[in-house]
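*Asks:* Here it is: the structure, laid out below.
The values are calculated or read from the model by the stated rules, or taken from the named source; none is laboratory data. What you are looking at is a predicted structure, and each value in this text was computed from that prediction instead of being measured. Cβ placement follows ideal geometry from the backbone for every residue including glycine, while neighbour counts extend to all protein chains displayed. With ligands, DNA and RNA removed, areas are computed over all heavy atoms of the protein, side chains included. Shrake-Rupley method; radii C 1.70, N 1.55, O 1.52, S 1.80 Å.
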Protein chains: 2
Amino acid sequence: MKDKLTTDNASGTMSVRYINKKGDEVSVKHILLGVLSWAPNSGYGIKSEVEYKGRELGWGRVSFGSIYPQLKKLVDEGLIQTLHTGNEGRKTKIYELTSKGWTELTHWLNQPPSPPEMRDELFIKMSFWDTGSPEDRKSLIHHLRSRLKENREMLSHFEEWTKNDLSAIGEIGGISMDFIIARIRFDIEWYEKMVAVMNQQSNIPRQDPDQLFEKAKARRIEALRKDLVDED
Amino acid sequence: MKDKLTTDNASGTMSVRYINKKGDEVSVKHILLGVLSWAPNSGYGIKSEVEYKGRELGWGRVSFGSIYPQLKKLVDEGLIQTLHTGNEGRKTKIYELTSKGWTELTHWLNQPPSPPEMRDELFIKMSFWDTGSPEDRKSLIHHLRSRLKENREMLSHFEEWTKNDLSAIGEIGGISMDFIIARIRFDIEWYEKMVAVMNQQSNIPRQDPDQLFEKAKARRIEALRKDLVDED
DNA sequence: TAGGTCATGTAATCAGTTACATGATTTT
DNA sequence: AAAATCATGTAACTGATTACATGACCTA
């Protein structure tokens, strides 16, 4: 269980770094522990909590297929326990943290967080746009507008929530919530700006010292032309 | 291969939505295709390209363990081909896109991108901070300062890159790069602000209509006290 | 000649999703 | 009585990482 120092060939930084021991990374486990720290809850309830509060809060999504087995595992590990099972007709299991669970949560919180991992398909596409789809910007503008719309909806969702919702937000949670909202506003401004820039047909390549784009363009045309000839 | 309309029990939105057909989502596949659209490259070369340019560009990471098998698969599918193999002593395989590959890339670019998926452990932790670790803000301030440092380093990395680097950036790629840099600046400002706020010991809970935090605190103390008694 | 970098590849594993099965309760 | 929602769970799968194996070439 000790950290291991290794030449990390697989990481591609081609240097030496620490391989983390298992157990401290982000996972469903800690989200479950965290949500249960707010209040005892059921698997189903946790899911809706994550859906509702965790949206764009940097939580990602969690499916039932990982919640229920994980809850069982946490009970086995003694981190949570059932508060009461199916008091009414509906067989709902309500879980709460054990003292071991509280300790584990606190310990995890004090561990340094790993850098944010994000994958934004829009950005990925934009980085390849110039070679892959140089002629039609219409499609990209459409992508941007959809993103803009999504973000506007998200913004009002959060604004509504912070104003009207009765559920608890602590001081720290509130600060991060303010951050999230400010960032959505920032993003919206930028998406608007990008749409505007994109609309004024410019088409000046920014940097192409080795004529990489020119060559790519040529290769692309060549490849597609060859295709047409082959089909005859 | 047709879209299927389903009552989506597993998604937890507990509503009806479209299940996407496979093949259009973000994946290593399209990153490989995209990097190869810039210029023919090897598996190893693609990896360093992703490390270097893709850092915080919304690409995520890619490991050799997924690159090499995926390259093989793409050859089988006829989307890429080896340009030349190991001309010198070193057995480097250089791949390039086929016409089918260019078509696939262009098609993928025109598909609407899925919403960004991100998981930021720092935010997750902050949302649970108030219940899990109410007493010591020191640890959180430390997390924030580390994040601040990381972002400052990232900023200078990107600023250096756009100024001095000779590699190609197209118009669109340049715009998204500007966005990324602006967002890092925005984040830095906010992290600074948060550290400042955190330092002036306030400790006023923001919203707690149902005394959820009070109760959580009590449960926590109770659970931890019980633990101590049991150990006797 | 030893250590680093360049370079490709595979087997084991893993965290998580998807899809399915089941059934009670509530709403229309 | 049908449809939607609440609620739990499992089996199959999947995309990816980790860890390992191998070897050439480069430079201090």
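*Asks:* Return only the number of the condition from (1) within 14 Å of DNA strand C (Cβ to nearest atom); (2) within 13 Å of another protein chain (Cβ to nearest Cβ) that A:Lys93 does not satisfy.
*Replies:* Condition not satisfied by A:Lys93: (2).
*Asks:* So the check is Cβ under 8 Å with 6+ separation or different chains; which pairs have a first residue in segment B:41-64 that's on the phi > 0 side of the Ramachandran plot and a second one that's small (Gly, Ala, Ser)?
*Replies:* Note: pairs meeting the criteria are B:Gly60/B:Gly54.
*Asks:* With the condition kept exactly as written, say whether any residue in segment A:163-182 is more than 30 Å from B:Asp208 (Cβ to Cβ) and among the acidic types (Asp, Glu).
*Replies:* no
*Asks:* Which of the residues that make up segment A:49-83 are within 13 Å of DNA strand C (Cβ to nearest atom) and among the small types (Gly, Ala, Ser)?
*Replies:* A:Gly54, A:Gly60, A:Ser63, A:Gly65, A:Ser66
*Asks:* Any residue at all in segment B:76-93 that is surrounded by fewer than 21 Cβ atoms within 10 Å (Cβ to Cβ) and closer than 30 Å to B:Met118 by Cβ?
*Replies:* Yes, some residue in segment B:76-93 is surrounded by fewer than 21 Cβ atoms within 10 Å (Cβ to Cβ) and closer than 30 Å to B:Met118 by Cβ.
*Asks:* Only one residue in B:Gln211, B:Gln200, B:Gln207 is more than 19 Å from the chain's Cα centre (by Cα) and on the phi > 0 side of the Ramachandran plot, so which one is that?
*Replies:* It is B:Gln211.
*Asks:* Right, another one. Please state which of the following conditions A:Lys73 fails to meet, knowing it meets all the rest: (1) at pLDDT 70 or above; (2) within 12 Å of DNA strand D (Cβ to nearest atom); (3) within 28 Å of A:Asp178 (Cβ to Cβ); (4) of a type in the set (D, E, K, R).
*Replies:* Status for A:Lys73: all satisfied but (3).
*Asks:* Pick out the one residue from B:Arg185, B:Arg220 that is within 25 Å of A:Trp38 (Cβ to Cβ), charged (D, E, K, R) and touching a residue at least 24 places away in the same chain (Cβ under 8 Å).
*Replies:* B:Arg220
*Asks:* In addition: Which number in (1) closer than 25 Å to B:Leu97 by Cβ; (2) exposed (fewer than 14 other Cβ atoms within 10 Å of the Cβ) marks the one condition that A:Gln200 misses?
*Replies:* Failing condition for A:Gln200: (1).
To keep it simple, each residue is scored yes or no on (1) under 21 Å from A:Asp208 (Cα atoms); (2) in a helix (DSSP H, G or I); (3) at the interface with another protein chain (Cβ under 8 Å from one of its Cβ atoms).
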| position | (1), (2), (3) |
| --- | --- |
| B:Ser37 | yes, yes, yes |
| B:Ser48 | yes, yes, yes |
| B:Glu51 | yes, yes, yes |
| B:Leu57 | yes, no, yes |
| B:Gly65 | no, yes, yes |
| B:Tyr68 | no, yes, no |
| B:Leu83 | no, no, no |
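*Asks:* Take the conditions under 25 Å from A:Ser133 (Cα atoms), at pLDDT below 95 and open to solvent by less than 40 Å² (accessible area, probe 1.4 Å) and apply them to B:Leu57. Does it pass?
*Replies:* Spelling it out, B:Leu57 is indeed under 25 Å from A:Ser133 (Cα atoms), at pLDDT below 95 and open to solvent by less than 40 Å² (accessible area, probe 1.4 Å).
*Asks:* Checking A:Tyr18 against (1) within 16 Å of DNA strand C (Cβ to nearest atom); (2) at pLDDT 95 or above; (3) part of a strand (DSSP E or B), only one condition comes out false. Which one?
*Replies:* (2)
*Asks:* Run down B:Glu171, B:Glu117 and say which single residue is under 25 Å from A:Gly60 (Cβ atoms) and within 7 Å of another protein chain (Cβ to nearest Cβ).
*Replies:* Checking each option against the conditions leaves just B:Glu117.
*Asks:* Can you find a residue in segment B:200-211 that is in a helix (DSSP H, G or I) and at the interface with chain A (Cβ under 8 Å from one of its Cβ atoms)?
*Replies:* No, the conditions are met nowhere in segment B:200-211.
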